[in-house]
Structure formats: structure tokens, C-alpha cells
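The values are calculated or read from the model by the stated rules, or taken from the named source; none is laboratory data. Here the structure is a predicted model, which is why all the values come from computation and not from measurement. Note that each Cβ is placed from the backbone with ideal geometry, even for glycine, and that neighbours are counted across all protein chains shown. SASA here: full protein model, heavy atoms, side chains in, ligands and nucleic acids out. Shrake-Rupley method; radii C 1.70, N 1.55, O 1.52, S 1.80 Å.
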Amino acid sequence: QVQLVESGGGLVQAGGSLRLSCAASGSIFGIDFMGWYRQAPRKQRELVAQITSGGLANYGDSVKGRFTISRDNAKNMVYLQMNSLKPEDTAVYYCNAQKIRDWSVSWGQGTQVTVSS
């Protein structure tokens, strides 16, 4: 079991920035991927960004060039720096952790990001 707790969400104007944080605890050994997904009302959950333990990152097309994912393995933390926010970025953002060895997937409870126009 991996417990994930997100923080940093809130209300921001279009063009502004937010930094999300995710703290992992519990059975954290062996986490291979950490990332962020988001889900807007009446839409499917989509990948925002994902990062390996080695620091290789992948981004969803809609956020490339605007968002940056990073992680601190020693602190068991992952971050999402969101710049140039748009109203369409409004969603609940979920932290995610995956272990390849047992194919386990863990999710945080989400943090709301609202971008006003």
C-alpha cells in the first residue's frame, strides 16, 4: 500500500501558475513511476505528466511546454509546476504511483485546480 497526499491546488487566473506537491508514504519501496493525472467534469481521467525514478518525464500533449514534473526520491515527493494556466486546465488533479514488479497502482484523493478566465 502506498498512500499519496496532494497539496497546492486552488483558484488562479488564466496565465497564472501553481505548484502541486504529492507526498508518498507507506509501502514506498519499489515505486517506478510517479505522475499526475487530471479529470474534469464529464471527461475521462487523462495523463498530465509521468516521471520515472531516473528522472525521465513524459507529458500529455495539452500541457507540453507549460507544465514541468519533478521528483525528489529521497523525500518521496513529486511535484508539478504549472505555468501559463488556461481555463481548460480546470480539473481535479490526482497523484499516481506505480510499481512494475507487482503492477500496483496507487492514487491520491485529488486536489482541485480552478483556472478563471
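Remark: the chain carries 56 Å² of accessible area per residue (probe radius 1.4 Å; ligands, DNA and RNA excluded).
List the equivalent ellipsoid semi-axes of the range 57-117 in whole Å, largest first, each obtained as the square root of 5λ for an eigenvalue λ of the Cα gyration tensor.
Here the semi-axes work out to 24, 14, 12 Å.
The mean of 1/r over all pairs of different alpha-carbon atoms in the range 1-51, once inverted, gives a Kirkwood hydrodynamic radius of 13.0 Å.
Solvent-accessible surface (1.4 Å probe) assigned to ILE69 amounts to roughly 10 Å². Rounded to the nearest 20 debye, the dipole size of the chain about its Cα centre is 80 debye, using +1 on the Cβ of Lys and Arg and -1 on the Cβ of Asp and Glu.
In the complete set of protein chains, residue-level accessible area for LYS43 is approximately 120 Å², probe 1.4 angstrom.
Extension gain, VAL105 to SER53, is 17.2 nm, computed as 0.36 nm per intervening residue step minus the present C-alpha separation. Geometric descriptor of the chain, per residue, is 94 Å³ (volume of the convex hull of the Cα atoms). For the pair SER84 and VAL5, label points projected 7 Å from Cα toward Cβ lie 3.4 nm apart. Apolar share of the accessible surface for the chain: 49 percent from carbon plus sulfur atoms, 1.4 Å probe.
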